[in-house]
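Take a look at the structure below.
What follows draws every value from the coordinates through simple rules; no lab data is involved. Since this is a predicted model, take the numbers as computed values, not measurements. Reconstructed Cβ throughout: ideal geometry from the backbone, glycine too, with neighbour counts over all protein chains shown.
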Amino acid sequence: MTSGTSTPTATGEALADPTTAAEATAWGTLAVLMVGTFITVLDYFIANVAAPSVQRDLNASSAQIQGVIVGYGVAFTAGMITGGRLGDVYGRRRMFALGLLLFTVASAACGVAPNAEALIVARVVQGTAAALMVPQVLGILGTVYTGPSRAQAFNVYGLVIGLAGVFGQVIGGVLITVDVAGLDWRAVFLLNVPICLVALAYTYRVVPESRGSARTRLDLTGAALVTATLVLLVVSLVEGREQGWPAWSFGCLALAAVLSGASVLHLRRRAARGADPLIDPALFRGRGFSVGLAAMVAYFLAMGSFFFLLALYLQQGRGLSPLESGLLFLALGAGYFGSSLASMQLVARMGRWLVVAGPLTIAVGYTLVGITVWATGSTGSPAWLVPALLVAGLGMGMTTGPLTNVVLTGVAPEHAASASGAANTAQEGGAALGVAVAGAVFYPALGVAARATDYPDAFDVALIPLVACCLVAATLALLLPGRRAQ
């Protein structure tokens, strides 16, 4: 891989520290950025494994435990577009470092939280820090790397996302089972502190600074409208499902729709008068960005919700421990890892066809998982799932990095971080929407008085919309421009 130059470009991209870019190695830059990516995705999944231990230790209610999970997810999802724009305005490396520092402090606060209320507040701060940090990753990758090097960097990014999701289950299970230094669930959060400090120490040494054009300003009204829209949408979908879709959840959805329309109108008006909107509507005129973003939502809807369903089936339906369940997730990780490495070569030959084949492979994997669950019921060995999980993992590895590359290819450098924020929001928002959709199908199929023998059928029924989403993602990928990835 080759790093970008340190000279401002004609498109308005300004790299503020030429000596840093010259001294940094491409792999050093990528390594630091991937640490930030890994820990933020890891903490999204690892808290699910720790939730029972947290509830026992802090005597937390079910609503408070949901707050620990949802607080992070809502802050993370809702803040990424604004976080991306802050990188455009104030510098992507600066915002990445600030987010990393804030994430370190919040993780320490989670690890020493004396009660559930303090833990919820710390998790919201942790999610806010992640929203500040993660959009800068794709923004920096998009400006530092070009051509084949950029495709490889995005493939590594996709690999890290998948491995963090998979290993979140395993790492959480191991830490809680081993009970490191008697810390129990607290080790899950305290683990972040030394990792973040090391990454922070290297950030200014190996990551070059970049930002938008000198005239870029922060759109505060747009930030408020977009953030409020996303908060309402995620809270209504996640909490609404948890609480049986009360009237307030539909009210939140309606208000989110109104604010969404107001956001679009505001962004268009601001762009028309030559100001800097939070997201430039011109971004969506490119077929690669708009269609790719829709494909990303469909894909992450199918991916994130599958992790949720599989953990429920294995732990509640089959009685596996978090560690035993996490070990089965390694089959997904093995397939993901192998195909992610192969896609670095395949994407140059296949381009968008790789992104088409990926979701189709996932659909086949999910179908095989469903057939295996149907055949083994609630008594057969869960090990029979391994081959099907490998196939699903292969499809995920074929899709995540290449699809991200397609979405962000062609985005002007001055919009890199805000476009990255939109892409990250599509990822996290798609995953949140997927959990809501899967839960809306799974729990009614399971019934109120659920028995272990009811889980296989409910799991298989809930897989149907996920397979459909994979097919939608593949269809949208057919509409992407060009044969080859850029």
- Query: Separation of the stretch 243-257 and the stretch 52-71 by C-alpha centroid, Å?
  - Reply: 23
- Item | Order of 43, 219, 457, 88 under a 10 Å beta carbon neighbour criterion, fewest first | 457, 219, 43, 88
- Task: Compute the length gained on full extension between residue 262 and residue 464: take 0.36 nm times their separation in residues and subtract their Cα-Cα distance, giving the result in nm to one decimal.
- Result: 69.3 nm
- List the residues of the stretch 377-407 whose backbone N lies under 19 Å from a point placed 7 Å from the Cα of residue 316 along the Cα-to-Cβ direction. 377-379
- Query: Using bins 10 angstrom wide from zero, how does P(r) for the stretch 28-100 break down, in % of all Cα pairs?
  - Reply: 16, 40, 27, 15, 2
- Scaled by the rule-of-thumb 2.2 N^0.38 Å, the alpha carbon Rg for the chain gives a ratio of 0.93
- Query: Counting only Cα, what are the radius of gyration and maximum Cα-Cα distance Dmax of the stretch 45-197, in Å?
  - Reply: 16.4, 53
- Okay, helix-only estimate at 222 nm for the chain: each DSSP H run of n ≥ 4 adds -39500 (n - 2.57), divide by all residues, round to 500 deg cm²/dmol; what do you get? -27000 deg cm²/dmol
- Using only the Cα atoms, what convex hull volume per residue in Å³ does the stretch 357-473 have? 99
- Remind me, relative contact order of the stretch 352-465 in percent, using alpha carbon pairs under 8 angstrom and six or more residues apart? 32
- Task: Treating only the Cβ atoms of Lys and Arg (+1) and Asp and Glu (-1) as charged, compute the dipole magnitude of the chain about its Cα centre; round to the nearest 20 debye.
- Result: 1240
- Which FRET efficiency value, to the nearest 0.05, do you get for residue 117 and residue 349 by plugging their Cβ-Cβ distance into 1/(1 + (r/R0)^6) with R0 = 41 Å? 0.15
- For residue 383 and residue 56, compute 0.36 nm times the residue count separating them, minus their Cα-Cα distance, and round to one decimal in nm. 114.7 nm
- When only C-alpha pairs under 8 Å and at least 6 residues apart count, what is the relative contact order of the stretch 219-277, in percent? 43
- Task: Please list 92-105, 260-273 highest first by mean number of surrounding beta-carbon atoms within 10 Å per residue.
- Result: 92-105, 260-273
- Query: Ranked highest first by the average count of other Cβ atoms within 10 Å around their residues, in what order do 366-374, 127-135 fall?
  - Reply: 127-135, 366-374
- Message: Suppose the chain between residue 451 and residue 197 were pulled fully straight at 0.36 nm per residue; how much longer would it get relative to their current alpha carbon spacing?
- Response: 86.8 nm
- Taking the simple approach of a point 7 Å from Cα along Cα-to-Cβ for both residue 245 and residue 224, what is their distance in nm? 3.4
- Message: With the cut-off at 1.5 for a/c, could you classify the stretch 219-277 from its C-alpha gyration tensor as rounded, prolate or oblate?
- Response: prolate
- Task: Quick one: compute the contact order of the chain, relative version, from alpha carbon pairs under 8 angstrom and 6+ residues apart, as a percent.
- Result: 24
